[in-house]
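Below: the structure, in structure tokens.
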Amino acid sequence: MGDQQIGSGLSEGERRWLHEANAAAAAFYREELLRAAPKWPVEVLERWHVEEVLHPDSAWLIGYAPDSGTRLIGHLENRGFERDTLMRAGLVSWTGDGRVVDRYQDQLVVVSRDQRLDPVGFVGIDRDGQATVITPETAIHRPSESLIGLLEQVDALKAGAMAVMVDHPLDAIGVQLAVSHAGDLQYVGIPTLGLAVSDIQARMLRQHSVLGRLIVTVPREIDPAERALENALALTSAFDHIRIYQRPPGPLLGHDAQMQIIADLVVSDQSSDLSSDSDRDAGLGNEVPGPSL
């Protein structure tokens, strides 16, 4: 495509360079988590029972943005990225006294990706375990047009795994870890951060999914019918069969309580997977997903 102009006034080369800046930042954050992070990020991971992501071979490249002022800036400048690029990628910000500093500091970070699975931004997790989108809108990033967990689990999706929509990124990792230990179940976790799923996000997930079905979980502390409706409006345009569960509070992995089904939406009978997997799904309301998935 060369350098032809595409969306947001960016050339393909400029867009690619912003993606590479985010990828380089993600690698830096990953190294920080594995080698130099304080105690609290590990404690948060342990509270969610997902400390396996600390293994160097983990598919989930969750990282830690250090509380250090400009360490990321220095690291990326040494690799050829100019500050203007870092600003356009959303990686740095201005202080009140006119200094440029690392935008993300003292938090766990997870990469969000666009439809082509390119890195476009980050979700942060603080000391209390609260997860929020921390990248502002940029030329390559819009929260409603990006998802977490697609690249990490795209092979499983294309092999026929069913997506389980959860609120928290660490619960999504918990789904993947539970399945990897069980061996005979096929689910992947996709976090929504407690926000309604957009039409674009629904199409992104469907693009990488073999199945025309998925599971949506809603927490008990909010009106489950309201959340179910919010998500179903977008998801039913891309998926034929949506099963909605109310989930117990707290981290999903290791929880003793099972989920309870509150809705089973069949949008179309044309899904190619319904006949082959309908028998297995008949018991989902009593069996899975749950802490054992």
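The values are calculated or read from the model by the stated rules, or taken from the named source; none is laboratory data. As the structure is a prediction and not an experimental result, all values here were calculated from the model. Positions of Cβ are backbone-derived with ideal geometry, glycine not excepted, and every protein chain shown enters the neighbour counts. The area values use the complete protein model at the heavy-atom level, side chains included, leaving out ligands, DNA and RNA. Shrake-Rupley method; radii C 1.70, N 1.55, O 1.52, S 1.80 Å.
For residues that are part of a loop (DSSP other than H, G, I, E, B) and modelled with pLDDT under 90, scanning just the stretch 213-248, find the one that is most open to solvent (accessible area, probe 1.4 Å).
Glu221
Look through Ala163, Ala172, Ala131, Ala139 and report the one residue that is touching a residue at least 24 places away in the same chain (Cβ under 8 Å) and over 30 Å from Ser68 (Cα atoms).
Checking each option against the conditions leaves just Ala163.
Using the structure shown, decide if Ala257 is closer than 25 Å to Ser144 by Cα and modelled with pLDDT of 60 or more.
no
Considering only the stretch 166-184, how many residues are within 18 Å of Ile242 (Cα to Cα) and either open to solvent by less than 10 Å² (accessible area, probe 1.4 Å) or at pLDDT below 90 (or both)?
3
Can you name every residue in the stretch 60-112 that is β-branched (Val, Ile, Thr), more than 30 Å from Asp155 (Cβ to Cβ) and either open to solvent by less than 50 Å² (accessible area, probe 1.4 Å) or free of Cβ contacts under 8 Å to residues at least 24 places away in the same chain (or both)?
Ile73, Thr85, Val92, Thr95, Val100, Val101
Considering only the stretch 9-40, state which residues are outside any helix (DSSP H, G or I) and surrounded by 14 or more Cβ atoms within 10 Å (Cβ to Cβ).
The answer is Leu10, Ser11, Ala37.
Taking the stretch 113-125, which residues are in contact (Cβ under 8 Å) with a residue 12 or more places away in the chain, open to solvent by 20 Å² or more (accessible area, probe 1.4 Å) and out of contact with any Asp or Glu (no Cβ under 8 Å at 6 or more places or on another chain)?
Hits for the stretch 113-125 are Arg113, Leu117, Asp118.
Sort through Gln130, Gln207 and tell me the only one that's within 23 Å of Pro248 (Cβ to Cβ) and either more than 16 Å from the chain's Cα centre (by Cα) or surrounded by fewer than 20 Cβ atoms within 10 Å (Cβ to Cβ) (or both).
Details: Gln207 fails: within 23 Å of Pro248 (Cβ to Cβ).
Just a single option satisfies the conditions, and that option is Gln130.
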